[in-house]
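The values are calculated or read from the model by the stated rules, or taken from the named source; none is laboratory data. This structure is a prediction, so every number in the text was calculated from the model and none was measured. Neighbour counts are summed over all protein chains in view; Cβ atoms, including those assigned to glycine, are modelled from backbone coordinates with ideal geometry.
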């Protein structure tokens, strides 16, 4: 199930996207209160935008624009809205997105081809371990995508290892859709209750919310912990509510594939210009085929690297590597630039670390400080020193490390109204 455009030549993909861009600009000019205002204020004639290179002539859209003018992005009468979702609000107030019937169909198509990219077939059964309620787009997208693909789905929701295993043993899913660290909890529960992982029937997991790979696509510490205990294939998928699109790995595990019929991708430097090939920059997207609230040159805040070498799967599309970090969460610490995901890998090296949260703050002289609060199975000064030494060896700096009760860490990770665990608390002004 590889769409023809994804196997087309790079030149044909570019021409295809330029036609779609022209259609989008005409649509925004006619229907978007927000973009009509921006085009008028900046004296932009959308008919002059012909190529992908012309994108730099168009305004960028920020998360703050979405927060401030949320309703003005709606391009259809409210009677056409079928579903409302909101962003998680990790770095600010949540944003509402209104989806039409066509948008839900597009969402289903996106996930169906994404699952197929990872090798899921209509004969498979998937167990959904994320919430489908609470205005969460991801759970809804997965459910619609599995239906579109023609596969079976078991809607269990987040957490509760006992219920997850009851469903696995009863219904025999072949794939799980889960946050990777939760798979460790499933492994722990299985070991404690005499469940034979080899007999589970699970052959793979579509993993969301946490990275599985290093920048060279080797498995990171978290993924190695999972696969050393459970012989299953792990596939990364990266998406966001604003994109309405996913980047999912194929069986060759060399980055999440771009679907050119759904989204235009730019990777921009600090001056909002395209980065040199192979460099890290901010993922900036333009949605294609979205009817309710399409976005033009939206800056996601995620720092990524694109890979353009041919993939053995036959797709000619660009691939996104693992997210390096959130641009706003970049830390300047003792002369070293860090992103929180780099710390995840180090902490996952320690079996004693059960959960943790990274707190970033400003000190009295205005520079960044890092405090890592950890719930550990056996806290000790020796463990604290070992963690600091490991940080120094890997990142050349050692943050402050504190041990806390597991319940206190859980309360920080799951504040009221949260839909997914928080790993970073940024108290910087």
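Test residue 66 against the stated conditions and say whether it is at pLDDT 95 or above, surrounded by 14 or more Cβ atoms within 10 Å (Cβ to Cβ), closer than 25 Å to residue 302 by Cβ and within 28 Å of the chain's Cα centre (by Cα).
On the way: at pLDDT 95 or above: no; surrounded by 14 or more Cβ atoms within 10 Å (Cβ to Cβ): yes; closer than 25 Å to residue 302 by Cβ: yes; within 28 Å of the chain's Cα centre (by Cα): yes.
Considered against the rule, which asks whether it is at pLDDT 95 or above, surrounded by 14 or more Cβ atoms within 10 Å (Cβ to Cβ), closer than 25 Å to residue 302 by Cβ and within 28 Å of the chain's Cα centre (by Cα), residue 66 comes out as no.
Here is a list of conditions, (1) in contact with a helix residue (DSSP H, G or I) (Cβ under 7 Å, 6 or more places away or on another chain); (2) at positive phi, and residue 294 meets all of them except one; can you say which number that is?
Evaluating residue 294 over (1) in contact with a helix residue (DSSP H, G or I) (Cβ under 7 Å, 6 or more places away or on another chain); (2) at positive phi leaves (2) as the failure.
Would you check if residue 72 is within 20 Å of residue 285 (Cβ to Cβ), in contact (Cβ under 8 Å) with a residue 12 or more places away in the chain and buried (at least 18 other Cβ atoms within 10 Å of the Cβ)?
No: the conditions fail for residue 72.
Can you tell me how many residues in the range 25-49 are over 21 Å from residue 274 (Cα atoms) and assigned to a helix (DSSP H, G or I)?
Selection size over the range 25-49: 16.
So residue 160 clears everything in (1) without any contact (Cβ under 8 Å) to a residue 40 or more places away in the chain; (2) touching a strand residue (DSSP E or B) at 6+ places or on another chain (Cβ under 8 Å) except one condition, right? Which one?
Checking residue 160 against (1) without any contact (Cβ under 8 Å) to a residue 40 or more places away in the chain; (2) touching a strand residue (DSSP E or B) at 6+ places or on another chain (Cβ under 8 Å), the one that fails is (2).
Please state which of the following conditions residue 370 fails to meet, knowing it meets all the rest: (1) buried (at least 18 other Cβ atoms within 10 Å of the Cβ); (2) under 28 Å from residue 188 (Cβ atoms); (3) free of Cβ contacts under 8 Å to residues at least 60 places away in the same chain.
Going through the list (1) buried (at least 18 other Cβ atoms within 10 Å of the Cβ); (2) under 28 Å from residue 188 (Cβ atoms); (3) free of Cβ contacts under 8 Å to residues at least 60 places away in the same chain, residue 370 breaks only (2).
State which residue is surrounded by the most Cβ atoms within 10 Å (Cβ to Cβ) when the search covers only the range 171-189 and only residues that are more than 23 Å from the chain's Cα centre (by Cα) and assigned to a helix (DSSP H, G or I).
So the residue we want is 187.
Looking only at the range 303-332, how many residues end up being within 19 Å of residue 359 (Cα to Cα) and surrounded by fewer than 18 Cβ atoms within 10 Å (Cβ to Cβ)?
4
Taking the range 232-260 as the region of interest, how many residues are surrounded by fewer than 21 Cβ atoms within 10 Å (Cβ to Cβ) and in contact with a helix residue (DSSP H, G or I) (Cβ under 6 Å, 6 or more places away or on another chain)?
1
Counting only residues that are assigned to a loop (DSSP other than H, G, I, E, B) and in contact (Cβ under 8 Å) with a residue 60 or more places away in the chain, how many does the range 99-134 have?
Of the residues in that region, 6 qualify.
Being in contact with a helix residue (DSSP H, G or I) (Cβ under 7 Å, 6 or more places away or on another chain), surrounded by 13 or more Cβ atoms within 10 Å (Cβ to Cβ) and within 20 Å of residue 274 (Cβ to Cβ) narrows it down to one residue among 52, 104; which is it?
Details: 104 fails: within 20 Å of residue 274 (Cβ to Cβ).
Among 52, 104, only 52 is in contact with a helix residue (DSSP H, G or I) (Cβ under 7 Å, 6 or more places away or on another chain), surrounded by 13 or more Cβ atoms within 10 Å (Cβ to Cβ) and within 20 Å of residue 274 (Cβ to Cβ).
Report those strands (runs of 3 or more DSSP E) wholly inside the range 209-303 carrying at least 1 residues which are at pLDDT 95 or above, farther than 21 Å from residue 317 by Cα and in the same structural domain as residue 313 (by TED's automatic domain parsing). Steps first, please.
Details: elements: 233-240, 245-249, 263-268, 280-287.
Of the strands (runs of 3 or more DSSP E) lying wholly inside the range 209-303, those with at least 1 residues that are at pLDDT 95 or above, farther than 21 Å from residue 317 by Cα and in the same structural domain as residue 313 (by TED's automatic domain parsing) span 233-240.
Of all the residues that make up the range 327-360, how many are at pLDDT 85 or above and part of a strand (DSSP E or B)?
Residues flagged as at pLDDT 85 or above and part of a strand (DSSP E or B) within the range 327-360 amount to 8.
Could you please find all residues in the range 368-402 being outside any helix (DSSP H, G or I) and over 29 Å from the mean Cα position of the chain (by Cα)? Spell out how you get there, then give the answer.
Pass one, the range 368-402, residues outside any helix (DSSP H, G or I): 368-380, 396-402.
Matches in the range 368-402: 377, 378, 379, 380.
From 285, 168, 264, which residue is surrounded by 15 or more Cβ atoms within 10 Å (Cβ to Cβ), free of Cβ contacts under 8 Å to residues at least 60 places away in the same chain and in contact with a strand residue (DSSP E or B) (Cβ under 6 Å, 6 or more places away or on another chain)? Full working, then the answer.
Numbers: 168 fails: in contact with a strand residue (DSSP E or B) (Cβ under 6 Å, 6 or more places away or on another chain); 264 fails: free of Cβ contacts under 8 Å to residues at least 60 places away in the same chain.
Of 285, 168, 264, the one residue that is surrounded by 15 or more Cβ atoms within 10 Å (Cβ to Cβ), free of Cβ contacts under 8 Å to residues at least 60 places away in the same chain and in contact with a strand residue (DSSP E or B) (Cβ under 6 Å, 6 or more places away or on another chain) is 285.
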